[in-house]
Amino acid sequence: MTKTLTQSQLLDAAQLLRDGKLVAFPTETVYGLGADATNDLAVAAIFEAKNRPSFNPLIVHLPDVAAAEAFVTFTDEARTLADAFWPGPMSLVLPLRGDAGLSDLVTAGLNTVAIRVPAHPLAQALLREVGLPIAAPSANPSGKISPTTAAHVLDGLSGRIAAVVDGGQCGVGLESSIFGGDPITLLRPGGISREAAEGALGRALAQGGGLAKPNAPGQLASHYAPDAGIRLNVEAKQDVAHLGFGTGTADLNLSPTGNLTEAAANLFSMLRKMDALTQAAGADHFTVAPIPQHGLGLAINDRLTRAAAPR
Ligand code: TXA
Ligand code: MG
């Protein structure tokens, strides 16, 4: 049985993690499926619960930069991004320290590791309470849509994990942006826009946050996939369910006012609902309106392209 824990039960959640159990918890991006990153068996259990191909390295979650220093070395540019966007929806791939003590399963044998300092108050409180680095991929079965509520987590993983900490709906709704390398590049578009990162760095980032292009190792093209097929960039509703953006007739609308931040926050839960609507109608696909390719639109289009990829 998977327990649902509330804010007042964070001590229980921390104890489960210290005992090597799997605990899903909210971050401002999506819910993460957490395990003690120093415990091989606990990390292996993540892959088992998600049915995830084991070549995919995991993001390690820590409460602040000071805690991160024990595991990785920062380049100057990485520190600039950390100062600007942590805590927040950003991960940095950095060189692993020799004495870091992380499970090899977390890094998939690489000599780098992705680190994130999330801002969500429950994630912060849990990380400080547990006092361990917490490996956490998104808390969904491999290849399915990332969860932005505790109910989504239970939909996919109930009975397969010890507990989920319920923190309501995630505010950002898209995974973290991942930056890495020296000079730094954008490896995965996400909650921090390319423009915001360029502003902090004071230079342009090399183009490369390409759509449907697997950047970070192991990113599957059909990740985040609903069961229904999807047609993208469809201007107006036709004979199947339509996910809108901005004005116009639609069954659901990511943001009637055309606000990309609102669209990002709605994306994963609306993809789930569109999937259900499509199945209820006996149709084989739904359509999605064009999303502008700037700011958070880059990350939204990246996720949509993956969701629509043939599989
Ligand atoms: O918002 C998020 O980032 C969420 C929350 C829970 O923090 N986590 C998340 O994790 O999206 P996951 O496992 O679904 O995606 C992590 C991505 C994977 O594509 C993985 O390949 C990449 O990060 N990654 C991890 N370590 C890496 C490394 N050392 N080098 C390059 N890419 C790495
Ligand atoms: Mg994921």
Take the residues in segment 240-258 that are in a loop (DSSP other than H, G, I, E, B), more than 21 Å from Ala309 (Cα to Cα) and not β-branched (Val, Ile, Thr), then tell me which one is farthest from ligand 2 (Cβ to nearest atom).
Gly248
Does Leu154 qualify as being under 17 Å from Tyr31 (Cα atoms), of a type outside the set (S, T, N, Q) and assigned to a helix (DSSP H, G or I)?
yes
Can you list residue pairs whose Cβ atoms sit under 7 Å apart, with the first residue in segment 254-271 being modelled with pLDDT under 95 and the second being of a type in the set (Val, Ile, Thr) and not in a loop (DSSP other than H, G, I, E, B)? Count only pairs 6 or more apart in sequence or on different chains.
Leu260/Ile300; Ala263/Ile300; Ala264/Ile300; Leu267/Ile300
Flagged pairs (Cβ under 9 angstrom, 6 or more apart or on separate chains; first in segment 177-197, farther than 18 Å from Pro118 by Cβ; second among the β-branched types (Val, Ile, Thr) and part of a loop (DSSP other than H, G, I, E, B)) are Gly181/Thr75; Asp182/Thr75; Pro183/Thr75; Ile184/Thr75
Counting just the residues of segment 76-111 that are hydroxyl-bearing (Ser, Thr, Tyr) and at pLDDT 95 or above, which one comes out nearest to Ser177 (Cα to Cα)?
Ser91
Within segment 179-200, count every residue that is β-branched (Val, Ile, Thr) and either part of a loop (DSSP other than H, G, I, E, B) or surrounded by 21 or more Cβ atoms within 10 Å (Cβ to Cβ) (or both).
2
Residues in segment 1-23: is at least one assigned by TED's automatic domain parsing to the domain that holds Asn111, within 15 Å of ligand 1 (Cβ to nearest atom) and of a type outside the set (A, V, I, L, M)?
no
Taking segment 269-299 and the residues there that are of a type in the set (A, V, I, L, M) and within 18 Å of Asn140 (Cα to Cα), the one that is surrounded by the fewest Cβ atoms within 10 Å (Cβ to Cβ) would be Ala276
Matching residues in segment 23-48 - criterion: being in a strand (DSSP E or B), touching a helix residue (DSSP H, G or I) at 6+ places or on another chain (Cβ under 7 Å) and not β-branched (Val, Ile, Thr)
Ala24, Phe25, Leu33, Gly34, Ala35, Asp36
Tally the residues that are within 28 Å of Glu48 (Cβ to Cβ), polar (S, T, N, Q) and more than 15 Å from ligand 2 (Cβ to nearest atom), restricting the search to segment 159-188.
1
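The values are calculated or read from the model by the stated rules, or taken from the named source; none is laboratory data. Predicted model, so just to flag it, every value in this text is computed and none were measured. Here the Cβ is made from the backbone with ideal geometry for all residues, glycine too, and neighbour counts use every protein chain on show.
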